[in-house]
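**Student:** Before I ask anything, here is the structure I am working with.
Any read-out appearing in this document is the output of simple, stated calculations on the displayed coordinates, not a laboratory observation. None of these values were measured; they are calculated from a predicted model. Virtual Cβ from ideal backbone geometry, glycine too; neighbours counted across all protein chains shown.
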Amino acid sequence: MALFFADDSSYDESTRMTGFYRYRQLLSFYAGTWFKSGVVTSIGGLPLLAGVTLSVLSSSFLVLVPASLLGGLIFGPFLAALYDMIMRGLRDAPGRWIRSYKRGLSQNWKEALLPGALTGLIFGLYVFMAYIMFWGGGRFSLSILAMYLISLYLFLLVSMLLWPQLVLFSQPASVSIRNMVLFTAVYMWRVLGAAAVKLLAVLVIALFAPWTVILIPFIGLWFPIFLSELIIYEPLNRELGIEEKILEKVRGEDPESPEDTPE
C-alpha cells in the first residue's frame, strides 16, 4: 500500500483502525476480493443491461417493464452476494472469496428475488427517462431534472440501507424499513453524505459514458457501495448489533468455530 499512501508510523494493519486509516486498511485487505466479486456480479447483471438496452433502442416501454423485471430478478442474488462480501470485509470476517461469494448467493437468493426485480425495474425506468430527456428529443425543465436527481438520490439511499439488512438478518421487510427510517432520523447527515457518494459515482459513470461503462465490472459496482457502507458502518453496527448478532448465531451453531473458517 506504500505505492498509494505515504508511510506513517501510526498506521498498524494488525488492529482495526479508524477514519482514513480504516479505509486504507480495508482496501489493503479486501480490494482484490471485492474486485473479483464485482466482476462476477457484473456478469449477473448482463441480462438486465441487455433488456434495458433493447428497450431503449426500440423506444418501447412495453419491452422495458418485463425486461427490467426479469433482468433484475436474475441480478438480485448477485447483488446480494456483493453486498454480503462487502459487509463481511467491513466486519473483518475471514474466508476465501469464492467460498464466501457462493455462500452469499446460496443464502440470500430467495430473499433477493423481489428486491432485485424492483431494483431492475427502477434502474430501467431511470435509464429510459434519461434517454427520453437527453437523447430522445424530449423536452424537460430544470425542475424536472431536479426531481429526477432527487428521486434517484432517494432510491440510492434506500438501497444503501436495505440491502445490507437483507444479507445480514432474517427479518420481515417491515422491520428493515423501520430500522432504515429510525437510523436515517438519528444519523441523518451521515446517511445523506453516504448516499451522495453513490449518487456522485452514478453521475460520473452516466455523464462520461460510454467510456466509463468499461469501469463498471472492475470498480463501478463494488467501490461506490464500499465507500457508502464504510461511512455508515460504525453507527449501523452499533445500533443494529451486526457483529454481535452474527457472532452469537455462528457460535450457537458451532461454539468452537469463528465466524468462518479460512481455507
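**Student:** What are the principal axis extents of the Cα atoms in the range 162-224, in Å, biggest first?
**Tutor:** Each principal axis gives a Cα extent; for the range 162-224 these are 40, 26, 14 Å.
**Student:** Quickly estimate the mean residue ellipticity at 222 nm for the chain, helices only: each DSSP H run with n ≥ 4 gives -39500 (n - 2.57), and the total goes over all residues, rounded to 500.
**Tutor:** Working: 9 runs with 195 residues, N = 263.
Mean residue ellipticity, 222 nm, calculated: -26000 deg cm²/dmol.
**Student:** Given the options ARG178, ARG190, ARG139, state which has the largest fluctuation in a GNM of the chain using a 10 Å cut-off (strictly under) for Cα springs.
**Tutor:** Result for the chain, Cα springs under 10 Å: ARG139 fluctuates most.
**Student:** Which option, (i) 1.04; (ii) 0.95; (iii) 0.98, is the value of Rg/Rh (Cα atoms, Kirkwood Rh) that was calculated from these coordinates?
**Tutor:** (iii)
**Student:** Test of understanding: ordering PHE183, PHE134, PHE35, PHE226 by Cβ neighbours within 10 Å, fewest first, what list do you get?
**Tutor:** Numbers: PHE183 19, PHE134 12, PHE35 16, PHE226 26.
By the 10 Å Cβ count, ascending: PHE134, PHE35, PHE183, PHE226.
**Student:** Could you give the nm distance between label points at PHE140 and LEU154, where each point is 7 Å from its Cα heading toward the beta carbon?
**Tutor:** 1.6
**Student:** Across 10 Å bins from 0, what is the distribution of all Cα-Cα pair distances for the range 75-186, in whole percents?
**Tutor:** All Cα pairs, binned at 10 Å, distribute as 13, 36, 29, 17, 5, 0 percent.
**Student:** For the chain, modelled as a Gaussian network with Cα springs under 10 Å, which listed residue fluctuates most, GLY116, GLY193, GLY72?
**Tutor:** Of GLY116, GLY193, GLY72, the most mobile in the Gaussian network model is GLY193.
**Student:** How much length, in nm to one decimal, is gained on full extension between MET133 and PHE20, taken as 0.36 nm per residue of separation minus their Cα-Cα distance?
**Tutor:** Working: separation 113, 0.36 × 113 = 40.68 nm, distance 3.89 nm.
Once the chain is fully extended between MET133 and PHE20, it gains 36.8 nm.
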